[in-house]
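Participant: Below is the structure I would like to discuss, written out as structure tokens.
The values are calculated or read from the model by the stated rules, or taken from the named source; none is laboratory data. Model, not experiment: these values are computed from the prediction. Virtual Cβ from ideal backbone geometry, glycine too; neighbours counted across all protein chains shown.
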């Protein structure tokens, strides 16, 4: 595929995320690009200062197994991600009914917290939300504490769980001892 065709395909998509899951290019090696736990992107140890460049690169980010790659239809380059490629930094109710939570990441990805974008809790107690495909965002501590503030206690077979609801989905922040 020529560079002109690739450019035309990306322009035709507008602000949509490219269909990287459909691309299976040849592996081209590794790049000294690192996404830190706090969401900073670094190249050769230097932080990216242009958010638009970070957003562009994030749009072609793909996870395969435990590895992360930047992909185009013609090349695949491995990068390092310390924890998760995104950080969930904000949330708000969609309306005053407090039934749907809108969340957003450090790169301005905004979506509804629901079954398609679920909350995941690790054995260690870390919280993540699925952003798209198999890419996740770590829930920032401030967001976590705000959710704890309005969550309700529910008695289940696991014990007393701290839960809240969004878009008809139930989310558990953890079990209270």
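Participant: Those residues that are surrounded by fewer than 17 Cβ atoms within 10 Å (Cβ to Cβ) and either on the phi < 0 side of the Ramachandran plot or assigned by TED's automatic domain parsing to the domain that holds residue 40 (or both), I need them from segment 115-131; list them, please.
Facilitator: Scanning segment 115-131 gives 115, 116, 118, 120, 121, 122, 123, 124, 126.
Participant: Going through segment 37-54 one residue at a time, which ones are in contact with a helix residue (DSSP H, G or I) (Cβ under 7 Å, 6 or more places away or on another chain) and at pLDDT 95 or above?
Facilitator: Residue satisfying the conditions is 41 alone.
Participant: Does segment 141-152 include one or more residues that are part of a strand (DSSP E or B) and more than 27 Å from residue 65 (Cα to Cα)?
Facilitator: Yes, that holds for at least one residue.
Participant: When you scan segment 24-102 for strands (runs of 3 or more DSSP E) that lie fully inside it, which ones turn up with 1 or more residues that are without any contact (Cβ under 8 Å) to a residue 40 or more places away in the chain and surrounded by 15 or more Cβ atoms within 10 Å (Cβ to Cβ)?
Facilitator: Fully inside segment 24-102 and qualifying: 41-43, 67-71.
Participant: Here is a follow-up. Please determine, by comparing only the residues of segment 141-177 that are over 17 Å from residue 123 (Cα atoms) and buried (at least 17 other Cβ atoms within 10 Å of the Cβ), which one is nearest to the chain's Cα centre (by Cα).
Facilitator: Of everything passing the filter in segment 141-177, 143 is nearest to the chain's Cα centre (by Cα).
Participant: Report, by residue number, each residue of segment 103-113 that is buried (at least 18 other Cβ atoms within 10 Å of the Cβ) and either at pLDDT below 95 or part of a loop (DSSP other than H, G, I, E, B) (or both).
Facilitator: The answer is 106, 107, 109, 113.
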